[in-house]
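Here is the structure we will look at.
Read-outs throughout are calculated quantities, based only on the coordinates presented, and are distinct from any laboratory measurement. What you see is a predicted model, and the numbers here were worked out from it, not measured in a lab. Note: ideal-geometry Cβ built from the backbone for every residue, glycine included; neighbour counts use all protein chains shown.
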Amino acid sequence: MRSWLLLRLIQAVIAFVVALALLFVLMRAAPGDPLSRLSADRPVSRQEIEALRARYGLDQPVGTQLIAFVSGLLHGDLGVSIEHGRPVTSLLAERLPATILLGGSVLLLNFTIGLWLGVRQAVRRGQREDRWLTTLSLTGYAMPSFWLGLVLAWLVGVEWRLLPAAGMQDPLLEADAGFLSRAGDVLRHLILPVVTLSIVSIAATMRYQRAAMLEVLRLPYMVTARAKGLAEHDVTWRHGWRNALFPVITLFGLWLPILVSGSVFVETVFAWPGLGALAAAAVGSRDYPLLMGASLLVAALVVAGGLITDVAYALLDPRVRLG
């Protein structure tokens, strides 16, 4: 097990290094100049532009820039944001808690409600409940998250005024408000973004779990478990569900980067102060250091998702690590 895990770790590190190099080169190869926005706000002389280009290392060859970036990365330095004039690490650290709160809530709901509903559909295949849930899951899966977010923000936040339509905190909240008041305020602002992302993600998880569970329910050992007199609940959850988890574990590895990349549009729609909105703004301003920092975080989550998936497979099925 140790040698197998070590091999997977080495592969993950190699994948991350390759992703880092590709992201850096492709970002520099894209058309446009990150300093062009400066002249749009106020007149900037050519000498000032050249000084800024030298300050951010943009006057160096791409290979030299990459070496400097990797050297800084090894020391925990991702550079200085061109748009904000602040270290990228501090900007990411400020936005990371909000993104973890949003993405973590979505993942929790996704892989609890989605799994339970998917198994319930499979057990009740062909019944009215299964047909209704299938229709709802297909509808939710087909909805673009940004469109759903706009509809919910307008309907629930503006028309009905049931929940806040934007932000993470009420700016009018008293400064001496207690912890419970502040937590309740954040929770009220969190509901609409979480519901928007959860509807789409839960629908996908339901479909995968239903299909996997239906395949397992037809296997001979499930028939044997029923013939031995086991309760249907035990047959479903203790014998069937574990073997139906493999496709969903793969889906979890794919959904893990939602902590950053998947919430870009939703964070923008609801003005949620997370990494998604920050990355979207960095794309518009061509802020290379900030965009590279956010992209590296997504790449790390993608690699981590794949590694977690491999480890989960190995724990559930020893044949994976022995093969």
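Which value at 222 nm does the chain reach when only helices count, each DSSP H run of 4 or more adding -39,500 (n - 2.57), with the total divided by all residues and rounded to the nearest 500 deg cm²/dmol? Intermediate results must be reported in sequence, preceding the final value.
Details: 14 runs with 224 residues, N = 323.
Mean residue ellipticity, 222 nm, calculated: -23000 deg cm²/dmol.
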Of 207, 188, 120, how do they rank once you tally other Cβ atoms within 10 Å and put the fewest first? 188, 120, 207
Within-11-Å neighbourhood charge of residue 226 [Cβ basis; K, R +1; D, E -1]: -1
If you filter segment 103-203 for GluC sites (Glu not before Pro), then keep DSSP loop positions with at most 13 other Cβ within 10 Å, what is left? 174
Roughly speaking, what is the centre-to-centre gap between segment 211-253 and segment 86-149 when only Cα atoms are used, to the nearest Å? 23
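Just tell me, in residue order, which DSSP H segments of the chain are both 20 angstrom or longer along the helix axis (alpha-carbon based) and at least 0.0 in mean Kyte-Doolittle hydropathy.
Helices passing the filter in the chain: 2-29, 88-123, 179-217, 288-316.
How high is the relative contact order of segment 88-322, in percent, with contacts defined as C-alpha pairs under 8 Å that are six or more residues apart?
The normalised contact order for segment 88-322 reaches 29 percent.
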Could you list 147, 241 so that the one with the fewest beta carbons within 10 Å of its beta carbon is first and the one with the most is last? 147, 241
Just checking my list [x] 1.00; [y] 1.21; [z] 1.09 against Cα Rg over 2.2 N^0.38 Å computed from this structure; which label fits? [y]
Cut-off is 10 Å between beta-carbons; in what order do 176, 33, 77 appear when sorted fewest neighbours first? 176, 33, 77
Just the ratio, please: alpha-carbon radius of gyration of segment 164-233 over 2.2 N^0.38 Å, N its number of residues. 2.04
